[in-house]
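Here, each number is a calculation from the coordinates, and none is a lab measurement. Predicted model, so just to flag it, every value in this text is computed and none were measured. Reconstructed Cβ throughout: ideal geometry from the backbone, glycine too, with neighbour counts over all protein chains shown.
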Amino acid sequence: MQKKTIKEIIRPPKGMHDILPEEHRFYNAIYEKMDSIAEYYGFKQFQTPYLEHIEIFTSTLGETTDIVEKEMYTLKTKGKDHLVLRPEGTASIMRAYISNGMHTKPQPVMLSYKGSFFRHEKPQKGRFREFQQFGLEIIGEEKSFADALIIKIFSIMIEELGIEPFTVHVNSIGDKECRPAYRKELVAYYRKHLNYICKDCRSRIKTNPLRLLDCKEEKCQEVKKEAPQMMEFLCTGCQTHFKETLEMLDSFEVPYIIDHTLVRGLDYYTRTVFEILTDVKKGEEEDLSKLALCGGGRYDGLAKFLAKKDIPGVGGSFGIERIIKVMKERKVKLKPKKKPKLFFVQIGQAAKLKSIPMLEQFRKAGLAVGQSFGKGGLSDQLKLASKQKIPYAIILGQKEALEGTVIIRNMENYSQETVSADKIVDIIKKKIK
Ligand code: AMP
């Protein structure tokens, strides 16, 4: 193994990044909005560990999916457990639903989750190896109302974040009854056109035929356009389910397009699949076109391996870094931080010792206070207060600390008064109310 230089070591690993305070404001604002909408609709917040047993993903996502084949961060513990850094949320949530006996509770169980996920992908625009997702799952419900509700809530979230325009893409990929016949037809069709498709597609015919419809290679587009569509193969149950989902989307006033090539790569999906993609506004970079903000679908067969029975469910997740990218490019303003009306200035060791108890009094009284422990001098600290246009400074110097007093300085007219430290909270409350 080649020894890394210090310069290489102090950078985060490839495809991962530090989240600096300014960036963090975006994550907080997005999660705050998503949590409040999800909570309003009855979703309860839920967390699973970052590490799971490898079988949770290998047995549910599918052996030939990109995630399982090449993208999982795996590790063997000293106790010889084979674990994976979670590459996605749904399989873990289903595992937790089963292991916590949630099937015995009133159904459906509606859960939201957020945090980091890990995929060893080729880093490229909008793709990271550690990225954050916010997801929703409705477990224990087979009716199409749940599918339409998830899509509607995701659309509301995008609207509320101010990052329109976007398009909802939906499709049905059938279930274990009707999909095999479609898969056979698709394979037969592609076998007839082997000379006109890319190398990856030639291997997809054998490993994961539905992914043929996912191919973005220029070469494959003509063949893809004429490929048989799942719609013509749906069994009666799947047909009715899809029709109802679309009717509900109409009543919920969610515009959508039926996208026959939308399959989403994982084995556990059944019936509804969806993605929400950005559209470009006039004058915007093409960069923002067709960026997948979120995706998901129904996964009625996912629990089979974990619970030895079918448990219906539907859900999806947002990619938070993608949302941040669109918010930045579309210049969405975050709620400004609440400006403090007080700035706390401390000078000298005795004042420093008293500063925390005094700041605690302000905090308990609900008063936001600016301060700078790093700056020692009076004028530096006052300069900071004026720069932030804070109307009052509270000055605690050596003399005041010993006498049990404190100075209130009006930063607009520079007048000052000395008051007893015990009464400062009441006095200041009256001034700034
Ligand atoms: P998925 O879990 O693959 O269904 O993805 C759901 C959403 O997560 C996508 O629509 C993206 O917005 C986001 N996403 C997926 N993979 C990545 C990645 N490697 N880096 C950043 N965002 C991602």
>> Between helix 21-40 and the chain, what is the angle of the helix's C-alpha long axis to the longest principal axis, kept within 0 to 90° and rounded to the nearest 10?
In response: 60
> For the range 94-172, what does the alpha-carbon gyration tensor say about shape, rounded, prolate or oblate, given a ≥ b ≥ c as the root eigenvalues, a/c under 1.5 as rounded, and a/b over b/c as prolate?
Replying inline: oblate
> Taking K and R as +1 and D and E as -1, what net charge do the other residues with C-beta under 11 Å from the C-beta of K423 add up to?
Replying inline: 0
> Roughly what angle does helix 320-329 make with the longest principal axis of the chain, taking Cα atoms, 0 to 90 degrees, to the nearest 10?
Replying inline: 70
>> Can you compute the helix-only [θ] at 222 nm over the chain? Use -39500 (n - 2.57) per DSSP H run of at least 4 residues, normalise by all residues, nearest 500 deg cm²/dmol.
In response: -10500 deg cm²/dmol
>> I need to check one value: relative contact order of the chain, counting alpha carbon pairs closer than 8 Å and at least 6 residues apart, in percent.
In response: 15
>> Taking the beta-carbon count within 10 Å as an exposure proxy, list D422, D310, D267 from fewest neighbours to most.
In response: D422, D310, D267
>> Between the range 181-246 and the range 1-71, what is the separation of their alpha carbon centroids in Å?
In response: 31
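Could you tell me whether the range 356-433 comes out rounded, prolate or oblate from its Cα gyration tensor? Rule is a ≥ b ≥ c as square roots of the eigenvalues, rounded for a/c under 1.5, then prolate if a/b exceeds b/c, otherwise oblate. Can you show the working numbers first?
Numbers: a/c = 1.28, a/b = 1.14, b/c = 1.13.
It is rounded, given that a/c, with a ≥ b ≥ c, falls under 1.5.
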> By how many degrees, 0 to 90 and rounded to 10, does the Cα axis of helix 144-160 deviate from the longest principal axis of the chain?
Replying inline: 40
> What relative contact order, as a whole-number percentage, does the range 263-383 give when Cα pairs under 8 Å and 6 or more residues apart are counted?
Replying inline: 17
> So, with +1 on the Cβ of K and R and -1 on the Cβ of D and E, and no other charges, what is the size of the charge dipole of the chain about its Cα centre, to the nearest 20 debye?
Replying inline: 1680
